[in-house]
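S.K.: Have a look at this one before I ask anything.
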There are 2 protein chains.
Amino acid sequence: MAKELKELTKRADNYSQWYNDLVSKADLAEQAPVRGCMVIKPYGFAIWEKMKEQLDKEFKKTGVQNAYFPLLIPKSFLSKEAEHVKGFAKECAVVTHYRLKSSEDGKTVVVDPAAKLDEELIIRPTSETIIWNTYRGWIHSWRDLPLMCNQWCNVMRWEMRTRPFLRTSEFLWQEGHTAHATRVEAEAEAQKMLKVYADFAENWMAVPVLQGVKSETERFAGALDTYTIEAMMQDGKALQSGTSHFLGQNFAKSFDVTFLNKENKPEYVWATSWGVSTRLMGALIMVHSDDNGLVLPPKLAPIEVVIVPIFKGDEQHNAISTKLQPVIDKLQELGISVKYDDSDNKRPGFKFADYELKGVPVRLVMGGRDLENNTIEIMRRDTLEKENVSFDGIVERVKDLLDNIQNNMFEKARKYRDAHVYECDNYDEFKERVKDGGFYLCHWDGTEETEAKIKEDTQATIRCVPFAYEQTEGIDMVSGKPAKCRVIIARSY
Amino acid sequence: MAKELKELTKRADNYSQWYNDLVSKADLAEQAPVRGCMVIKPYGFAIWEKMKEQLDKEFKKTGVQNAYFPLLIPKSFLSKEAEHVKGFAKECAVVTHYRLKSSEDGKTVVVDPAAKLDEELIIRPTSETIIWNTYRGWIHSWRDLPLMCNQWCNVMRWEMRTRPFLRTSEFLWQEGHTAHATRVEAEAEAQKMLKVYADFAENWMAVPVLQGVKSETERFAGALDTYTIEAMMQDGKALQSGTSHFLGQNFAKSFDVTFLNKENKPEYVWATSWGVSTRLMGALIMVHSDDNGLVLPPKLAPIEVVIVPIFKGDEQHNAISTKLQPVIDKLQELGISVKYDDSDNKRPGFKFADYELKGVPVRLVMGGRDLENNTIEIMRRDTLEKENVSFDGIVERVKDLLDNIQNNMFEKARKYRDAHVYECDNYDEFKERVKDGGFYLCHWDGTEETEAKIKEDTQATIRCVPFAYEQTEGIDMVSGKPAKCRVIIARSY
């Protein structure tokens, strides 16, 4: 068994360490020399690229166009929207100078004090301000609406405690920013994009998510409503995996963006914004993987099928390769990504462990006896089940198995999640149980006081008012007052 | 005729203003509120996306993998490679602080002086330093080589004089960084990627380029050789459109990146880097467009065919739409992007002018008489020729015309370029003629003095030692000394 694999911490021993180990050993990402930033390695980036490609397609289907807005935002912009400034004008990377010069001894470089900017520039933590400043020039009449742009880019928030993919100072994301003529249309857009995210999470990542709306405290800074998809990790904690915001007219008012309606009267524009980030990588890893390594859903796996021949000498090598080549060709014709690993500088056992670690969904192995018997070994990564099967019809079998794995992974995760959603209206019981993870469906009186107390007592937060559960009447378990709604409460990443 | 079109400056009147007008009026990009930065608008970005998609495919075919490295580089990294520091540690955006706080009056935000970084961070002007610092951990043995990564990202160089796409403080690009076991392999890689760039420019952008190698003065900071593709704009100036660098072992030595060779002895790794940027957009615009607006090669046009019906009343509208629908469907099945513009809030004349401005390669128009006669009007944007043709077989006709336009645009640009390459070994003649543009094939003694004098006298620079022209013996036109080589000299963007 490969050295790397042996060193992977077990989930039961230390879930958090298991995650960090996995990110590093499966070649997904590593810590960069700049605090809180990461290098996304080729294998990790290939997964992100697949996510991007599919999401981008879905966005474009809804009429969204991509564009690019500047990295740097004038400091004054951040102060323009009152709520937004509270949320984002804090832990930001600030550019103050625009030139370096040689040090006096000529051995190094120093900042040139003469090259100080008149106004500091902020590396975007999110782009509402610069985009709404730009939209002012693009929107004049109702004919210019809706305006729906998205950008794929890097953003930066100077996070104090960071973890690869889950919370990093720099991360990659997409941010959609739409402008509409009416409140109804903007609200519908925010909800539509939440649906796009939920469908992607469930159908591509095989990650079941609860859709819902955030409490006021947890809203995006400047939003009237923040919609969220919440996924459950294997330790029962929640991971907010994507958000969509109905921004009302706040940014339009702050940046003076109006349009002439059909009656030729000026009105402020209605806005939404919505984003998912490399955080999705964290969800993907944590929901499915096991003590042997990554488990990837076929639809997002950079390699869907790995084929390992076991041979002695060139003759057998050639015979097996010749037998396998048509299978490789046919799988590739079907759009399935295949790796044929007949390298002879690694032993088969090392290869097996390595592809398990990397989460390749299906492994085929053919040795001399298989060649004689017209058989092949097929293993599925999700359950680790393996079977020796007839070589005939192997292409169809692999194709079906990939579909089966995709569905099985979703069902497994959904069952796990559903088994860990608890109705609870007793605060003592809640405090005791929430330590062990799970989503708690509780009645809430709607006050910030209750929310704050729960967080202080248990570190758990209100994740959302979930759409999937009925809103029943009840009593707030903390205050004893009549509830305004039922919410999901959980500890979270 | 549309208002926007009337206002487009003519090339003959002011080529430079024509370019700026076009970028803005064709909705490609606009100036951002941050000095020297731009917003790439959806239409412009759609062209860039098509470029990216094709280039990315070509890179991957050669075995390159995408990855992502951090935006911010510790200042000290920039000093590590002696030549590199001279070239890049100058006009950089410097991050010195990581927090903002509310001003005393609470009305705005100020930089928190307590949140000063111990070491300043630089927004990457290019990523050799941070990538070679990372490669140290990835490369141990000859088995780890070659290592070939690329990233698509934003970079920043604090340019003093900026022009949209051609020279901006922030720009988008890709940067490939490869590591090899031998000098020969690294040199071959640098040359291979130059070929990928040249093929892309010629076959996709329809922009003919001269491939060649840069003089020492014009080399990338830290390279042993810089290869370039040089395109000629319609004013006869050169535009460096892509470069590929053979970096020798310079970065490996600066960042201590060694590998154990097959004899188990440590050796420094050999490196290349190569990049193209949103500058390509500038080349695309300037090579083909005319006084009516953009002219886009079909392979990169976001809309390849626009269809405009001319109708009075719903009945005729419906009849024409019904007749056209199968054509739209068939074109889309062939992978051709079609826009059917039957909007009734703009007059046909406005639409025609607007799609000309946007460079849509083919326009089809059908009116009532066409419907009666089973005909349709077809116009090609590159020559503005239009023809009334039979409706039967229109799909095939459009398909062939798109190929024809792609080839014709390349041939036209190639002929223009070839007609403006002059052999010249007389300095007085050179000085007189170079003002009017063109590429001058001259003998050069290989000295920096000659190079500097030419630049001082004429603003022209040595673009490259071109591969396509024979290296003949001759006399340097400036110094009168025997020449080392023949070079292309031109004024450039």
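Readers should treat all values here as calculations from the given coordinates under stated rules, not as data from a laboratory. From a predicted model like this one, the values you see are computed outputs, not experimental measurements. Here Cβ is always computed from backbone atoms with ideal geometry, including for glycine, and neighbour counts include all displayed protein chains.
S.K.: Which residue, B:375, B:361, B:389, has the largest displacement toward the positive end of the dipole of region B:298-407 when charges sit on each Cβ (Lys, Arg +1; Asp, Glu -1)?
M.R.: B:361
S.K.: Just how large is the dipole of chain A about the Cα centre, in debye to the nearest 20, putting +1 at every Lys and Arg Cβ and -1 at every Asp and Glu Cβ?
M.R.: So the dipole magnitude of chain A works out to roughly 720 debye.
S.K.: Divide by every residue of chain B the summed helix terms, -39500 (n - 2.57) for each DSSP H run of at least 4, and state the resulting mean residue ellipticity at 222 nm, rounded to the nearest 500 deg cm²/dmol.
M.R.: Rounded to the nearest 500, the figure is -11000 deg cm²/dmol.
S.K.: Separate question: Spelling out what I want: for every residue of region B:277-292, take phi, set θ = phi - 60°, compute 6.51 cos²θ - 1.76 cosθ + 1.60 (Karplus), and round to whole Hz; glycine and proline get x.
M.R.: Couplings: 9, 4, 3, 4, 4, x, 4, 4, 5, 6, 6, 10, 6, 9, 6, 8 Hz.
S.K.: Highest first, please rank the peptides A:179-185, B:174-180, B:377-383 by the mean number of other Cβ atoms sitting within 10 Å of their residues.
M.R.: Ranked from most to least packed, the peptides come out as B:174-180, B:377-383, A:179-185.
S.K.: Fewest first, what order do A:273, A:244 take by the number of other Cβ atoms within 10 Å?
M.R.: A:273, A:244
S.K.: Which shape class, rounded, prolate or oblate, goes with the protein assembly as shown when its Cα gyration tensor gives a ≥ b ≥ c as root eigenvalues, a/c under 1.5 marks rounded, and past that a/b bigger than b/c marks prolate?
M.R.: It is rounded, given that a/c, with a ≥ b ≥ c, falls under 1.5.
S.K.: Given +1 on the Cβ of Lys and Arg, -1 on the Cβ of Asp and Glu, and no further charges, what dipole in debye does region A:153-271 carry about its Cα centre, rounded to the nearest 20?
M.R.: The dipole of region A:153-271 has a size of about 200 debye.
S.K.: Calculate the spin-label point distance for residue A:103 paired with residue B:467, positioning each point 7 Å from the Cα along the beta-carbon direction, and give it in nanometres.
M.R.: 4.2
S.K.: Please report the relative contact order for region A:89-171, taking Cα pairs under 8 Å with a sequence separation of at least 6, and give it as a percent rounded to a whole number.
M.R.: The normalised contact order for region A:89-171 reaches 28 percent.
S.K.: Most exposed first by the Cβ proxy, i.e. fewest other Cβ within 10 Å, how do B:418, B:354 rank?
M.R.: In order of increasing Cβ crowding within 10 Å: B:418, B:354.
S.K.: While we're looking at this one, here's another question. Could you work out, for region A:421-490, what percent of all Cα-Cα pairs fall into each 5 Å distance bin, beginning at 0 Å and stopping at the bin that holds the largest distance?
M.R.: The distribution over region A:421-490 is 4, 19, 34, 28, 13, 2, given as percents.
S.K.: Across peptide A:71-82, what mean number of C-beta atoms from other chains lies inside 10 Å of a residue's C-beta?
M.R.: Partner-chain Cβ atoms within 10 Å, mean over residues of A:71-82: 4.
S.K.: Then there's this: What is the Cα convex hull volume of region A:196-345 when expressed per residue in Å³?
M.R.: Here the figure is 183 Å³ per residue.
S.K.: Sequence neighbours fewer than 8 away in the same chain don't count; with that in mind, list the lysines whose C-alpha is under 19 Å from residue B:455.
M.R.: Partners found: B:214, B:237, B:431, B:435, B:481, B:484.
S.K.: Shifting gears a bit: Sort region A:35-133 into rounded, prolate or oblate with this rule: let a ≥ b ≥ c be the square roots of the eigenvalues of the Cα gyration tensor; rounded if a/c is under 1.5, and if a/c is not under 1.5, prolate when a/b is larger than b/c, oblate otherwise.
M.R.: Oblate is the answer for region A:35-133, as a/c is 1.5 or above yet b/c matches or exceeds a/b.
S.K.: Measure nothing fancy, just the Cα-based angle from helix A:313-333's long axis to the longest principal axis of chain A, in degrees from 0 to 90, nearest 10.
M.R.: 40
S.K.: Continuing with the same structure: Once the Cβ-Cβ distance between residue B:144 and residue B:167 is put in as r, and R0 is 30 Å, what FRET efficiency do you end up with, to the nearest 0.05?
M.R.: Computed FRET efficiency for residue B:144 and residue B:167: 0.20.
S.K.: For residue B:334 and residue B:387, calculate 0.36 nm times their separation in residues minus their Cα-Cα distance, and state this gained length in nm to one decimal.
M.R.: Result for the pair: 16.8 nm of gain on full extension.
S.K.: Further, regarding this structure: Take B:443, B:420 and order them by how many other Cβ atoms sit within 10 Å, fewest up front.
M.R.: Result, fewest neighbours first: B:420, B:443.
S.K.: Going highest first, how would you order A:288-298, A:318-328 by mean Cβ packing within 10 Å?
M.R.: My ranking of the peptides, most packed first, is A:288-298, A:318-328.
S.K.: From the residues A:62, A:12, A:46, which one has its Cα farthest along the dipole of region A:1-64 in the positive direction, the dipole being from +1 and -1 charges on Cβ of Lys/Arg and Asp/Glu about the Cα centre?
M.R.: A:62
S.K.: Any idea what diffusion coefficient chain A gets from Stokes-Einstein, in µm²/s, Kirkwood Rh on alpha carbon pairs, 37 °C, 0.692 mPa s?
M.R.: 130
S.K.: For peptide B:114-125, how many partner chain Cβ atoms fall within 10 Å of a residue's Cβ, on average?
M.R.: Mean shielding by partner chains, rounded to a whole number: 3.
S.K.: Let me ask something else. Report, to the nearest 10°, how far helix A:183-203 tilts away from the longest principal axis of the Cα atoms in chain A, using its own Cα long axis and a range of 0 to 90°.
M.R.: The answer is roughly 20 degrees.
S.K.: When the convex hull of the Cα atoms of region B:298-407 is projected onto a plane and the area is averaged over all directions, what value comes out in nm²?
M.R.: 6.4
S.K.: Give me the distance in nm between label points sitting 7 Å out from Cα along the Cα-to-Cβ direction at residue B:325 and residue A:377, one decimal.
M.R.: Inter-label distance under the simple model: 5.7 nm.
S.K.: Would you please state which residues of region A:220-247 a label at residue A:422 would reach in this model, taking the label point 7 Å out along Cα→Cβ and a backbone N cut-off of under 13 Å?
M.R.: A:236-237
S.K.: Could you give the distance between the Cα centres of region A:449-483 and region A:154-188, to the whole Å?
M.R.: 26
S.K.: A follow-up question, please. When the Cα centres of region A:261-296 and region B:333-347 are compared, how far apart do they sit, in Å?
M.R.: Between the Cα centre of region A:261-296 and that of region B:333-347, the gap is 31 Å.
S.K.: Enter the angle in degrees (range 0 to 90, nearest 10) between the Cα long axis of helix A:15-25 and the first principal axis of the Cα atoms of chain A, meaning the one along which they spread out most.
M.R.: The two axes meet at around 70 degrees.
S.K.: Within a 10 angstrom radius of each residue's Cβ in B:105-113, how many Cβ atoms of other chains show up on average? Whole number is fine.
M.R.: Taking the mean over all residues of the peptide, I get 4.
S.K.: How many nm separate the modelled label positions at residue B:414 and residue B:456, each set 7 Å beyond the Cα in the direction of the Cβ?
M.R.: 4.1
S.K.: Order B:124-133, A:464-473, B:156-165 from most to least packed using the mean count of other Cβ atoms within 10 Å.
M.R.: Result, highest mean Cβ count within 10 Å first: B:124-133, B:156-165, A:464-473.
S.K.: Amide H neighbours of residue B:474 under 5 Å, at least 5 residues apart or on other chains, H built in the peptide plane: list them.
M.R.: B:483
S.K.: Continuing with this model, one more query. For residue A:263, place a label point 7 Å out from Cα along the Cα→Cβ vector, do the same in each other copy, and report the separations in nm, one decimal, smallest first.
M.R.: Label point to label point, same position, other copies: 8.8 nm.
S.K.: Let me ask you something else. What FRET efficiency would be calculated for the residue pair residue B:260, residue A:260, taking the C-beta separation as r and a Förster radius of 60 Å, to the nearest 0.05?
M.R.: It comes out at approximately 0.25.
S.K.: For the charge dipole of region B:169-208, defined by +1 on Lys and Arg C-beta atoms and -1 on Asp and Glu C-beta atoms about the Cα centroid, which residue among B:190, B:206, B:172 has the Cα displaced farthest towards the positive pole?
M.R.: Comparing the listed Cα positions along the dipole, B:190 ranks first.
S.K.: How far, in nm to one decimal, is residue A:429 from itself in the other copies if the label point is set 7 angstrom along Cα toward Cβ? Shortest first, please.
M.R.: When each copy's label point is compared with this one, the spacings are 9.9 nm.
S.K.: Using only alpha carbon pairs under 8 Å that are at least six residues apart, calculate the relative contact order of chain B and give it in whole percent.
M.R.: Result for chain B is 14 percent.
S.K.: OK, next. Report the charge-dipole magnitude of the protein assembly as shown in Debye, nearest 20, computed about the Cα centre from +1 at each Lys and Arg Cβ and -1 at each Asp and Glu Cβ.
M.R.: About 820 debye.
S.K.: Given the pairs A:60/A:192; B:41/B:358; B:61/B:253; A:312/A:351; A:90/B:107; A:80/A:253, which are separated by over 18 angstrom at their Cα positions?
M.R.: Too far apart for the 18 Å limit: B:61/B:253.
S.K.: Taking amide H positions as placed 1.01 Å from N in the peptide plane, with prolines and chain starts having none, which residues 5 or more places from residue A:66, or on another chain, fall under 5 Å of its amide H?
M.R.: A:150
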